[in-house]
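Novice: The structure under discussion is supplied below as C-alpha cells; questions concerning it will follow.
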Amino acid sequence: MPGRYPRPQWLRKQKKLSPVVIKTKKVIMNLGLNTVCESARCPNLSECFSNGNATFLILGDHCTRNCAFCAVDHGLPVAPDKDEGKRIIRYIEALNIRFAVITSVTRDDLEDGGASHFIRVVWDIKEALPEVKIELLVPDFRGELEYIERVADLPIEVFAHNVETVPSLYPGVRRGADYWRSLQVLKIARSQDMLLKSGIMVGLGENDDELSQVFKDLSSCGVDVLTIGQYLRPGRDNLPVRRYYSPDEFIGLKEKALRCGIRSVVSGPYVRSSYLAEKNYSETLRKNV
Ligand code: SF4
C-alpha cells in the first residue's frame, strides 16, 4: 500500500489540524481555488496552512502531462477562468498574506501553454494589491521563447521552474519534459531582474555525479535559489522511492550545491519548491546585501 512502506524516523511528520488550518481549507474551498498542496498531497500541508500559506494551482486541476512522481490528476483540462486572479486576491485578503506562490498544471492543449492566463492573474493581483510579492512556479511552455519571455517579464519577485530530477531519469520520471528545455527556460528568464529558482527531488535513483552536474548546470543558468527535497511516493500509481537520504546527507547536498556557485540552497527531507517560500526569498535577498 502506498504510504504504508516503512519510512525512516525523520520522515514521520505529525499532521496538526489547528483552527487556522481549518480556516485556510475553508477559504480555499469556498473560493473554488485549487492548490498544489492538496492536489499533490504535499506532506507539509498542515504546517503551511497553519500560517495561511498555500501554493495556488491555476489553470484547473487536471494536467495534460502525466509525470510519474506527481499526484496531480491528469486528463481533460477546463477552460481558463478569467476571474481566477480575483479569487486569489480574495484569499490573500482573507488570510492576510503578503507573499503569494502561484503555479499551474501543464497546459499543452493551449496554444500559449497558459502564459496569457499567468499574465492576467499576476496583473490582477499586482493592480489590486501592489505590496503583495509573487513567486511564480511555471511549466516549460513547451520551450517557446515568446511565452517564457512574456511571463518572465512580469513584475514578480521570484521566477521558478523546477528541473525535478537528473536528465537520465527524465524518460521515466518526467515524460513529455526535457531537461535541456528546462535549463533553457531558466536561462531565458535570467535576463530579468528577479530571483531565479529551481528545485530537485532526490531518492528517485539518481547518483552523486549526476546531482553534481545538475548543480553545475543550474549555477551556469544563473539560478539564485535551489530547493532539494526527498521524493515521497504520493500514491500507488507513482514511482516507488529508491532511496531515503538522511538529514546529514541533505546537508552534504546543500554544501555541494553551494560550492557549485548557487547562492542560496534549501535542502532537507521535507523541502519542497514552495516550502517556506517567503522566508527563503527574504534570506536570499539578505545574502545579496
Ligand atoms: S510546501 Fe508548498 S505545496 Fe507543500 S503545503 Fe507548503 S506551500 Fe503547499
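The values are calculated or read from the model by the stated rules, or taken from the named source; none is laboratory data. Values in this document were obtained by computation on a predicted structure and should not be read as measured data. Here the Cβ positions follow ideal geometry from the backbone for every residue, glycine too, while neighbour counts run over all protein chains shown.
Novice: Out of ARG12, ARG98, I need the residue that is more than 11 Å from the ligand (Cβ to nearest atom) and closer than 30 Å to ARG243 by Cβ. Which one?
Specialist: Just one listed residue meets the conditions, ARG12.
Novice: Under 6 Å between Cβ atoms, which residue pairs at least 6 apart in sequence (or on different chains) link something in the range 152-168 that is without any contact (Cβ under 8 Å) to a residue 40 or more places away in the chain with a partner that is of a type in the set (Gly, Ala, Ser) and surrounded by fewer than 23 Cβ atoms within 10 Å (Cβ to Cβ)?
Specialist: Between residues of the range 152-168 that are without any contact (Cβ under 8 Å) to a residue 40 or more places away in the chain and residues that are of a type in the set (Gly, Ala, Ser) and surrounded by fewer than 23 Cβ atoms within 10 Å (Cβ to Cβ), the close pairs are PHE159/ALA152.
Novice: Would you point out the residue of the range 251-274, among those that are within 20 Å of VAL36 (Cβ to Cβ) and among the β-branched types (Val, Ile, Thr), that is farthest from the ligand (Cβ to nearest atom)?
Specialist: So the residue we want is VAL266.
Novice: Sticking with this one: Pick from ARG181, ARG142, ARG175: which is in a loop (DSSP other than H, G, I, E, B), surrounded by fewer than 23 Cβ atoms within 10 Å (Cβ to Cβ) and out of contact with any Pro (no Cβ under 9 Å at 6 or more places or on another chain)?
Specialist: The match here is ARG175.
Novice: How many residues are buried (at least 22 other Cβ atoms within 10 Å of the Cβ) and more than 9 Å from the ligand (Cβ to nearest atom) if we restrict to the range 37-56?
Specialist: Qualifying residue count for the region: 1.
Novice: Could I ask something else about it? Go through (1) basic (Lys, Arg); (2) under 26 Å from ARG181 (Cα atoms); (3) assigned to a helix (DSSP H, G or I) and name the single condition ARG286 misses.
Specialist: All conditions pass for ARG286, except number (2).
Novice: Ok, one more. Output yes when any residue across the range 73-91 is within 10 Å of the ligand (Cβ to nearest atom), of a type outside the set (Lys, Arg), over 27 Å from GLU144 (Cα atoms) and more than 13 Å from the chain's Cα centre (by Cα), and no when none is.
Specialist: Looking for residues that are within 10 Å of the ligand (Cβ to nearest atom), of a type outside the set (Lys, Arg), over 27 Å from GLU144 (Cα atoms) and more than 13 Å from the chain's Cα centre (by Cα), one finds none in the range 73-91, hence no.
Novice: Do you know which residues across the range 66-84 are at pLDDT 90 or above, among the small types (Gly, Ala, Ser) and more than 16 Å from THR35 (Cα to Cα)?
Specialist: ALA68, ALA79
Novice: Yes or no: LEU285 farther than 22 Å from CYS42 by Cα, aliphatic (A, V, I, L, M), surrounded by fewer than 22 Cβ atoms within 10 Å (Cβ to Cβ) and out of contact with any Leu (no Cβ under 7 Å at 6 or more places or on another chain)?
Specialist: Yes; evaluated as a whole, the condition is true for this residue.
Novice: Based on this model, can you work out whether ARG233 counts as part of a loop (DSSP other than H, G, I, E, B), charged (D, E, K, R) and surrounded by fewer than 16 Cβ atoms within 10 Å (Cβ to Cβ)?
Specialist: The answer is no for ARG233.
Novice: Related question: Just give me the residues in the range 275-289 being within 8 Å of the ligand (Cβ to nearest atom) and hydrophobic (A, V, I, L, M, F, W, C), in sequence order.
Specialist: LEU276, ALA277
Novice: Name the pairs whose Cβ atoms lie under 8 Å apart, with the first residue in the range 67-96 and within 30 Å of TYR231 (Cα to Cα) and touching a residue at least 12 places away in the same chain (Cβ under 8 Å), the second acidic (Asp, Glu) and assigned to a loop (DSSP other than H, G, I, E, B), and 6 or more positions between them or separate chains?
Specialist: Listed by first residue and then by second, the contacts come to VAL72/ASP61; ASP73/ASP61; PRO77/ASP109.
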